[in-house]
1. Quick check on my filter: what residues within the stretch 652-666 are open to solvent by 30 Å² or more (accessible area, probe 1.4 Å) and within 30 Å of A553 (Cα to Cα)?
2. Need the failing condition index for V437 against (1) open to solvent by less than 20 Å² (accessible area, probe 1.4 Å); (2) out of contact with any strand residue (DSSP E or B) (no Cβ under 8 Å at 6 or more places or on another chain); (3) hydrophobic (A, V, I, L, M, F, W, C), just the number.
3. Could you look through the stretch 376-406, keep only residues that are more than 42 Å from the chain's Cα centre (by Cα), exposed (fewer than 15 other Cβ atoms within 10 Å of the Cβ) and charged (D, E, K, R), and pick out the one that is farthest from K363 (Cα to Cα)?
4. Going through the stretch 797-843 one residue at a time, which ones are modelled with pLDDT of 85 or more and open to solvent by less than 60 Å² (accessible area, probe 1.4 Å)?
5. Take the stretch 233-273 and flag every residue that is touching a Leu at 6+ places or on another chain (Cβ under 9 Å) and of a type in the set (A, V, I, L, M).
6. Can you tell me which condition I226 does not meet? The list is (1) among the aliphatic types (A, V, I, L, M); (2) farther than 25 Å from I289 by Cβ; (3) at pLDDT 85 or above, and all the others hold.
7. So, in the stretch 288-328, exactly how many residues are within 29 Å of D225 (Cβ to Cβ), among the charged types (D, E, K, R) and out of contact with any Leu (no Cβ under 9 Å at 6 or more places or on another chain)?
8. Only one of these is part of a loop (DSSP other than H, G, I, E, B) and either of a type in the set (D, E) or surrounded by fewer than 19 Cβ atoms within 10 Å (Cβ to Cβ) (or both): G684, G642. Name it.
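The values are calculated or read from the model by the stated rules, or taken from the named source; none is laboratory data. Since the structure is predicted, the reported quantities are computational estimates derived from the model, not experimental observations. Cβ placement follows ideal geometry from the backbone for every residue including glycine, while neighbour counts extend to all protein chains displayed. These accessible areas exclude ligands, DNA and RNA; they are computed on the full protein's heavy atoms, side chains included. Shrake-Rupley method; radii C 1.70, N 1.55, O 1.52, S 1.80 Å.
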Amino acid sequence: MYEIQMDAIDNGDHPKDLGGSGKSPFVISQQTGKVNLKHSFTETDNEEYRLQVVAQDHRELVMTTTTQITISNNYSTKEINVTGKVTTTFLNVNLLPDMEMLYQRQNYQIRSGLVHFILLQMYWDVVLSQLHYMIPEESKHGTFVGRIAQDLGLDIGEINSRMLHIVSRDEKEYFQVNLQNGILFVKETIDREVQCPNTPFCIIPLQVIVDKPVQMYRVDVEIEDINDNSPLFSSSVTNLLISEMKHAGSRFPLKVAADPDLGTNSITNYELSASDYFTLDFQKYINQIKSLELVLKNSLDREKQPVHNLTLTAYDGGKPRLSGTTHIIVNVEDFNDNAPVFDQPFYQCSVNENADEGTLVFKLNATDLDEGRNGKILYGFSNMVSWEAKESFILDKNTGQIRVKGKLDFETVNMYEIHVEAIDDGLEVQHVGHCKVLVNVVDINDNPPEMLVTSLSVPVPENSPQGTTVAIISVHDKDSGSNGKVHCYISEPSPFKVNPAFMNDFSLTVNEPLDRELKDEYEVTITAKDEGSPSLSTSKTLKIDISDANDNAPRFIQSIDTIFIKENNPPGSHIYTTSASDPDIGQNSFITYSLKERTIDGIPISSYISINPENGKVFALVSFDHEQIAYFQCHIKATDAGLRALSSNLTLNIFIEDINDNAPTFTPLHSALTIKASRSAEPGHLITKVKAVDLDSGYNAWTFYKLKDLGGSGKSPFTIAHQTGEITLKRSFTDSDNDEYILNVVAQDHGEPAMMAEAQIIIYVVEYGEELKFDNQEIKRNGYEFSDANIYLVVAICVISSIFLITLIVFSVLRWQKYRDEVNELKENYKICSNTGGSWMYSQHTQYQISSNSLRPKSDLIVFTPNNSQTPGTEEQVNPQGIILNSAYKLHFEDLEPDGPIKFMVLSILQFILEARAF
């Protein structure tokens, strides 16, 4: 039997052989402390045995108690006398604090009394029974118990004849004796917990009876406990309801487990599964756990974890160690500390415009982390919802379903904005959650692919390279499977193409060169088609504007234009409007006009004319005089405003038209003449010649002459040539003619209006001698006239001829020098050699052009062929290099030096003349 102590866990009894023989017939149970016979006494056994029993615990500070038992064996009377004494010792005593030593002394007396009680019980059992056997419970049928015949001193051969039999108190045959060998064995399995419930010892008393003569023996069979029962909780699941408002440290009692086994085989410990919120606390009373509590470590939050699943395990101290478990389900009781929350704050949905009343538009879903009444949610429109939305939709307060209430018309209202509130049903306080629903009313549509242009980069520059991304298109099909697989393509030919980018994303890129001037806008229709059957498609047309790049220069209608301006124009008058067009647009097409700087007779052209830079209007800054300047040329430049400005030029030829603003004037020599005419002159005789000069030109300067008849008689003998101004004798003089005639000569131009000048000529009719004198004077006057009028012309011709000659000589020398340099270079680089005809040819490395006329250019590659004859009648001939030579300018220089300067000078003069002629 165990020594029961307040702090003891496991104790054991260990027999100690004092005799030293090691052949003691006694054995002690380490669990119960009972001393039993191992076998029957024999004649060789001692008559007295002294046994010392030691009871020792298993603490770190080992404590023991000892008792000495003296057993006398009276073999003849089959009696056993037992005496003994008890002593207590301490083993392995360490230096302990005074308090612990005091504690040990206080417990010593209690332990000593318990040991005495146990030993007395053991003595009583030994004395009362003649035989005492021990077997473990649950022993199987046939398990050996003891040699009962031998132990009782019965002859094995007589037990059968004497009819040895066993009688049990409860009349249950747990044991049986084999009458052949006298062995007691187990007949029926014994469960100690059934046989001896709630008792520390389980002894089955047996009466062994033999006849002839009748003898009765008492035999006790002690059933030892084995660890055959696991700890068992009263319920496999324990439910606890704990409010989330409980504070840390709160305690909640739990039911302990039950184990019908005893001692160390009973429950010795409890363990709780790992938890951040709970721990286990229990107290031991006399090695037994009587109370068990669940302790709250941290505050609970039902919204984070509404249920805590714990496992409580009870362990016994047997070997093998058995355990029993129960599941503790802790339900956290809710408190209304959370507001309803929608899945998202903003919803967007669509409904067909022909949807029937009651059609589900959208189902809202708000959640409240609370439960029960605190988590019950009611939906409703907020006071921000418009009257139109309330008339068109209805909201179910329990389910959150928005359904069609009235008629929807896409053309009237295509979008509704609805504010919805979700209110919980808490008692103490109510919380509200908000969301916004955007309902788009769309036309009838099943489930075609949905196309969304996520990025559109317009306008597209016309100089964009191939592969430039114009738009990013996202395509989504609400269907799934093959019905949701979408392909995008452009339905019509276009300089763009669609490329797959990522899953459900496509890019629209430039595939061909763009030209805004040819087409400045494209409408690209992109079709998204799924793979369903029948397939559905959606098309989207993108309007892509092509932006301008400054790739076109301004263009005039014609590059050369001619205008005519009447002279004597008022200064500042508008004389011309130029217009250039630029196919570009915007800033690239904004044209400004300007005049290129040049001079006319040393005067800048900007002093004559100006141009408006915005509209191209040309204005005359001065009043032109045809007699001073009849023609000049200007260049108008049109420049656009692009970043890389482009320009073009217009050559404007300006002719100053003459108007009849100058009357004919007679030269001083002819303004007043006195002429003598011979009376004997014949008709047609030249009397004199008058000359008038008109500074105008053309028709306005064309002058004709006539005589002004002042007298009105019309019998004047003179007449005047209208074109030349020659005055001749119309008829012969008569005696009746006057000796003196005054002729009024009128010079009149052909302008509009006509202008005239008048000169008076006096003609004296004289005899022959006087006429000669007059002729000499006339000749002298003609000589003076020649000297004054023509001297300037002669000087000018001489100066011009001199300048021309000097220029020609200098030109010939320069050309000769250049020719020599080229020949030397050709000799070095190309190794010039003569052909079979003795001809020299220039390399095409340098070319000169000679024009025989202003219309047809000729090559300057002249072949000198002194030995070759020309075909008569041939005007042109092609040389071996394909150069056409004009026969009019084929020269033969047989008598000239092949490379002499004279020959080259002649060629240079010829070229100069031809160029001058062409000009």
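1. Scanning the stretch 652-666 gives a single hit, F655.
2. Only one criterion in (1) open to solvent by less than 20 Å² (accessible area, probe 1.4 Å); (2) out of contact with any strand residue (DSSP E or B) (no Cβ under 8 Å at 6 or more places or on another chain); (3) hydrophobic (A, V, I, L, M, F, W, C) is unmet by V437, namely (2).
3. Restricting to residues being more than 42 Å from the chain's Cα centre (by Cα), exposed (fewer than 15 other Cβ atoms within 10 Å of the Cβ) and charged (D, E, K, R), the top hit is E391.
4. Passing the criteria: L808, F811, S812, W816.
5. Residues satisfying the conditions are L240, I242, M245, A248, L254, V256, A257, A258, L272.
6. (2)
7. 3
8. G684
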